[in-house]
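The values are calculated or read from the model by the stated rules, or taken from the named source; none is laboratory data. In this text the structure is predicted, and so the values were computed from the model without any measurement. Don't worry about glycine lacking a Cβ; one is built from the backbone with ideal geometry, like all the others, and counts go over all protein chains shown. SASA here: full protein model, heavy atoms, side chains in, ligands and nucleic acids out. Shrake-Rupley method; radii C 1.70, N 1.55, O 1.52, S 1.80 Å.
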Amino acid sequence: MANWKYNAIQDLQEYPSIKDSLVSIPEEIKAIEIDMQVVKGVSYDKTPVSGGASGREDRLIDYIDRKGRLQENYKAAELRVRRIERGLNCLTEKERKVLERFFINREYGHIDRLCDDLGYEKSAVYKLKDTALKKFTLSMFGVVDL
């Protein structure tokens, strides 16, 4: 299988999870911010800790690191969702239905159901899937004609 096909299929299969992450990542960032406030608010005496930084500083640095990484992940997920949706939005209703049933919301018997819904033979459904996958991939990156 060509790399572009593999990548397109992976994008479609991961699309629901990536969209979910756009909700879960901000929730995790909020939780970290609350935890950071608790750590900042902890009082401690001025006695130096032998061997370097205090556990409080380590926790704070860990929270800063986790928050930064989550923010980067959010931006990457947001860009990927926009790219996938751009590809999906360029498809016809039939093409989108085929890709959704093959890759996004795949269920047992999806091919037979597609044949019934579209009135196509299996070979025509597979051909439509291949055409839609190519169109999806080209549309994701803004390529209209080759």
Review point. Can you run phi through the Karplus equation (6.51, -1.76, 1.60; θ = phi - 60°) for segment 93-107 and list ³J(HN,Hα) in whole Hz, with x for Gly and Pro?
Key: 4, 5, 4, 5, 4, 5, 5, 4, 6, 6, 10, 8, 10, 5, 10
Study note, to complete from the structure: Env charge @ ASP62, Cβ radius under 13 Å, K,R +1 / D,E -1, value +1
Revision key, fill the gap. Taking Cα atoms only, helix 55-89 is inclined relative to the longest principal axis of the chain by an angle, in degrees rounded to 10, of 20
Study note, to complete from the structure: CD proxy, 222 nm, the chain: helix-only mean residue ellipticity via -39,500 (n - 2.57) per DSSP H run with n ≥ 4, per residue, nearest 500, stands at -26000 deg cm²/dmol
Exercise for review: Compute the accessible area per residue over segment 63-146, keeping the other protein chains in place, probe 1.4 Å, unit Å².
Suggested key: 65
Review point. What is the distance, in nm, between label points placed 7 Å from the Cα along the Cα-to-Cβ direction at ARG86 and at SER123?
Key: 3.7
Review point. What do you get for Rg/Rh of the chain when both radii come from the Cα atoms and Rh is the Kirkwood radius?
Key: 1.26
Exercise for review: Can you send over the solvent-accessible area of LYS67, 1.4 Å probe, protein chains only, in Å² to the nearest 10?
Suggested key: 50
Study note, to complete from the structure: Of the accessible area of the chain, computed with a 1.4 Å probe and all protein chains kept, carbon and sulfur make up a percent value of 51
